[in-house]
Amino acid sequence: MNRKRILGICLIFLMVAFIFIQPAYGGPGGQIAKVIANTFWGKMVLSLLSLVLLPMGIYMYIKQKLAERRAYKDLKFMAPYDPNFEWLWAKQRILDCFYRVHSAWKEEDVSRAFEYLTDWYWQNQQLVRLDRWHREGLRNVCEVKKVRAVRPLLFIHRNDDVAHEGSVLVVSITANMKDYLVQRETGNVVEGDPKFKDHETIWSFTLAEGQWRVSNIEAVGCEFGYIFQVKNVPRIEETVLGLSNPMKADNKQIDAGSLIAGSTDPR
C-alpha cells in the first residue's frame, strides 16, 4: 500500500470521526467518554471503516502487545531494587489513585487527592477544569462502577537526584463508568452520556517522594504516541549502574552521583 493510499484512508477516518463522534470534555483529565452516533447509518459507516482499517488495526495491536511485554519485563527486572516496581504493588497503587482522583473530582475538590497527584497536575486540574466549569455553571457527574483492566504501556526508569525518583509509568485503564456534564441550575445534560459504559483513558504516573503519583490523564488514542516511544527507551540494565545489591537499594542510602541521571520532565 503506497503512501498516498494510506494518507487517503487516514483522511477518510478523520472525516467520519469528526461527523459521527462528538468529543466531550469532563472527568479527571478533562476527557468524557466519547459519544458515538447511535443511528443506523452511523454504525454502518463506522463498521465499514473498521474493515478498511483492519490491517492497520492488527499492526497497532501487535505493537501495543510488544510494548506491554517490554513494560512488564522491565518492571520485573526493577522489582528487587524497589517494591514500587513490583507490578501487583504498582497496580494496587494505580487503582487507589484512580478511585481517589475520581472521588475528589466528584466532590469538585482535587485537593482531596493531593497525595495521589503531582503538584503541577493537581493545580492544573483544579484551576483549568473544575474552577472554570464552576464559573460557567457546569457540573461534572463522574461515577466509576468497576475497573475492568489496567495495562502498562511504557515504563521509563530514572534517577532524578535520588535513585528511582522521576521514573515514569504509563498505563491504559478501562473502567465501566458514567461521565457527563450538566447545567447546575437545570440538571440538563450538556455533554457526554449519562449511561454506564466502558471508558478507556491513558494515565501517566511519576515516582515522586517514593510513591507513584498521577502526572497526566489523556484520552484513548494517545497511547500510540507512548507505544512508539518504547524503541527509544534505554535498556533497563543501563539505568541501574552502581546498584550492586538490589536488596539493599534504598533511596536515602544510594549515592545518586553513581547513577545515570534522568532525562526530561515527564510533564
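No value in this document is a laboratory result; all are computed from the given coordinates. Please read all numbers here as calculations on a predicted model, not as lab measurements. Every residue, glycine among them, receives a Cβ derived from its backbone with ideal geometry; neighbour counts consider all protein chains shown.
Here are the numbers:
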read-out	value
Measure of compaction for segment 112-190 (Cα Rg per 2.2 N^0.38 Å)	1.47
Separation of the F224 and Q123 label points, Cα + 7 Å toward Cβ, nm	3.4 nm
Ranking of S111, S215 by count of other Cβ atoms within 10 Å, fewest first	S111, S215
Cβ-defined net charge surrounding Y116, 15 Å radius [Lys, Arg +1; Asp, Glu -1]	0
Potential lengthening between K76 and K231 on full extension [0.36 nm per residue; Cα-Cα distance subtracted]	54.0 nm
Whole-Hz couplings from phi, Karplus 6.51/-1.76/1.60, listed for segment 143-150; x for Gly and Pro	9, 9, 8, 7, 8, 8, 7, 10
Residues in segment 58-74 reached by a label modelled at T174 [backbone nitrogen below 19 Å; 7 Å Cα→Cβ]	58-72
For M177, residues with placed amide H under 5 Å, excluding near neighbours	K145, K197, D198, H199
